[in-house]
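First up is the structure itself, then whatever we jot down about it.
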Amino acid sequence: MALSDTGTARRPIGLEGDAFSRWLSQHSPTLLLGLLLVLLPAAATDFVLDQIVGWTLVLGMIALSLMFLAGYGGMVSLVQMTVAGLAGYSITVLGASSLPSISLFWPWWVAAPLAILIAVAFGTLAGALSARTEGIYTIMITLALASAFFYLTLQNWSIFNGFNGFTSVPAPIFLGVNWKSPVPLYYLILFCAGLSYVAVLYVSRAPFGIALQGARDNPRRMEAIGFNVMAHRIAAYAFAAVIAAVGGILLVWLNNQISPGTAGIQATIDLLVIAVVGGLGHPIGAFIGAFIYVILRTFALDALVAVGLDGRRFQTIIGLGFLVIVLFSPDGVIGIWRRWLARAASSRRGIGR
Amino acid sequence: MSSVAERIAAAGAGNAIELRGVSRLFGALAALNDITLTVRPGERRAVLGSNGAGKTTLLNCVTGDFPPTKGTVRFFGEDVTTLPPHERTRRGLRRTYQISLLFQRLSVRDNVYLACRGASRGRFSLIRTRSSDAIMQSVADLIVLVHLEQVADRLVGELAHGQQRQLEIALALAGAPRFILFDEPAAGLSPNERGDLVAILTALPPHIGYIIIEHDMDVALRVVESVTMMHNGRIFKEGAPREIEADPEVQQLYLGGGHG
């Protein structure tokens, strides 16, 4: 049910649900998944923990920021990976890396908030530039910004260290915990991803989120009933940028490195693929899409080699998978899941008769 | 009379809507040509005219959807000519649309809720509204007022045409409207639904004035006290419904023109 009842948000506003048990049954799949993820370190290897699940959650967060804008706001912003990349670069330049000539080595509690602030300022500005446009023009403007940032990082050596980027970017040590080690890092990522997921779900039914969906469905009417649609859209970009920025910092801490490719054109398109394949109808879609992507990225190469094909064709597999899912379900995996639920429900009713 | 009262009267505060010399060009076409029109607070006025007479353009100039090319628009004395639509809404101006402009992928309740929220504070709130909040009571009241309680939690895209027209009206009544512009509210309604519409309009609180554009004379002339006739972007007659109905020129141009 958790998947079927929110995206287009049918649940009445303000009906908190009279009973805790109803809330529990409504959210049981989510809670079950959450519990599973919390207990995962007991069973999984470090590789699965960080390189599969951790990476999925980080990519999922960044895709979630795109899902928020595209699903609720109708704004397909290709600049979200760039916002994440800028946050990643900022934490590297302000914090620590293997390049003392560039990095400032400020403590993490100064560098991280500043990095988020810089990235959010950029994401909001990008929103202000593109919020006046619709559809294909939003895509064009945000893609132009993403390309510009990519070439800037590629060609600027004084701040971004050009083609090489930065290596040995350590996750910080605080509260007596070394967040670089796999299990603490996993929990840090899980906490941030879980918080963003719940925040997006919650806000989608708050006045701000409902108004964003109203602006998606009919911006002219939103103006006529008293909303400043432009301001609302820009605020949505700012909200999404916070999530993308945190994701960007975690991405750097997870990979220990950042380079132009982190927020390159390919990464930008991959993020769009993740969000669309997962489905824009519900926040969980971002994480489903990220999971499929990470599995393909990690295992497609070996699988191809095993059946005697060239391993470098893994992008073809990703592309074909994208085609198949979008052809059969324009609303992604979420759409398949919802139709399956609806069919199951209607056949149950049929038996009942 | 004090000088303050005189100044207020001079500023046009005595009128809900005051248009002075308003023109609207679309390229070379003058959709509105030097319109001067005043409507008192609480007054109910029909604007009639054949297709292309400029009726909807007139409403768009008042709401700011398409600002006038020339002239000034005053709302309760305040010059709103250059204000964006949402600012006019916050001052108590409302409108409905000829073709329903609704939020198709949201529920009826969400649609009405947005209209109520748009007219109040907390438009950017990140905190969910509780069912005990006063705004939810206004939402429920409005849904009952337009007889949509049976479908309150359905998506608007699934509603019948008549129900969507009723929702149009509910959105315009949200908040504390001082003046409403109705753009052909009866379009596509069944005779029964037209009866409902007349009942809803006549039951509005007396301080709420409105302008109604309507092709159905049975609806229009039953719910207004004054009529403005438009033709080719100009006003050519104003009067009480009875006078307008009896006017031979009007009959020739409009009532006899196949629209009655």
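Might you let me know whether region A:4-19 holds any residue that is surrounded by 16 or more Cβ atoms within 10 Å (Cβ to Cβ), farther than 22 Å from A:R339 by Cβ and modelled with pLDDT under 55?
Within region A:4-19 (the criterion being surrounded by 16 or more Cβ atoms within 10 Å (Cβ to Cβ), farther than 22 Å from A:R339 by Cβ and modelled with pLDDT under 55), the answer is yes, since at least one residue qualifies.
Can you pull out every residue in region A:177-195 that is under 14 Å from the mean Cα position of the chain (by Cα) and either in contact (Cβ under 8 Å) with a residue 40 or more places away in the chain or within 10 Å of chain B (Cβ to nearest Cβ) (or both)?
The answer is A:I189, A:L190, A:C192, A:A193, A:G194.
May I ask you to list the residues in region B:131-163 that are without any contact (Cβ under 8 Å) to a residue 12 or more places away in the chain and either part of a loop (DSSP other than H, G, I, E, B) or buried (at least 21 other Cβ atoms within 10 Å of the Cβ) (or both)?
Listed by number, the residues that qualify are B:S131, B:S132, B:D133, B:A160.
Scan region B:158-177 and tell me whether some residue there is within 11 Å of another protein chain (Cβ to nearest Cβ) and over 28 Å from B:A46 (Cα atoms).
yes
Which residue out of A:I189, A:I139 is assigned to a helix (DSSP H, G or I) and either of a type in the set (S, T, N, Q) or touching a Ser or Thr at 6+ places or on another chain (Cβ under 9 Å) (or both)?
Criteria check complete, one pass: A:I139.
Restricting to region A:201-212, name every residue that is crowded, with 21+ Cβ neighbours inside 10 Å and either more than 7 Å from chain B (Cβ to nearest Cβ) or not in a helix (DSSP H, G or I) (or both). Working first, answer last.
So the first thing to find is which residues in region A:201-212 are crowded, with 21+ Cβ neighbours inside 10 Å, and the list is A:203-204, A:207-212.
Correct list: A:S204, A:G209, A:L212.
Listed residues A:V38, A:V58; which is surrounded by fewer than 17 Cβ atoms within 10 Å (Cβ to Cβ) and at pLDDT 80 or above? Give the derivation first.
Working: A:V58 fails: surrounded by fewer than 17 Cβ atoms within 10 Å (Cβ to Cβ).
The unique qualifying residue is A:V38.
Can you go through A:A70, A:A63, A:A111 and tell me which one is touching a residue at least 12 places away in the same chain (Cβ under 8 Å) and out of contact with any helix residue (DSSP H, G or I) (no Cβ under 6 Å at 6 or more places or on another chain)?
Going through A:A70, A:A63, A:A111 in turn, the sole match is A:A70.
What number goes with the only condition from (1) more than 8 Å from chain B (Cβ to nearest Cβ); (2) in contact (Cβ under 8 Å) with a residue 12 or more places away in the chain that A:V198 does not pass?
(2) is the only condition that A:V198 fails.
Limited to region A:297-343, what total is found for residues that are of a type in the set (A, V, I, L, M, F, W, C) and either touching a Phe, Trp or Tyr at 6+ places or on another chain (Cβ under 7 Å) or modelled with pLDDT under 80 (or both)? Break it down stepwise before answering.
Start the filter on region A:297-343 by keeping residues that are of a type in the set (A, V, I, L, M, F, W, C), which leaves A:299-301, A:303-307, A:309, A:314, A:317-318, A:320, A:322-328, A:333-334, A:336-337, A:340-342.
Adding the requirement that they be either touching a Phe, Trp or Tyr at 6+ places or on another chain (Cβ under 7 Å) or modelled with pLDDT under 80 (or both) leaves A:300-301, A:304, A:309, A:314, A:317-318, A:322, A:326.
The number of residues fulfilling the criteria is 9.
The values are calculated or read from the model by the stated rules, or taken from the named source; none is laboratory data. All values reported here derive from a predicted model rather than from experimental measurement. When we count neighbours, we look across all protein chains shown, and the Cβ atoms used for this are built from the backbone with ideal geometry, even at glycine.
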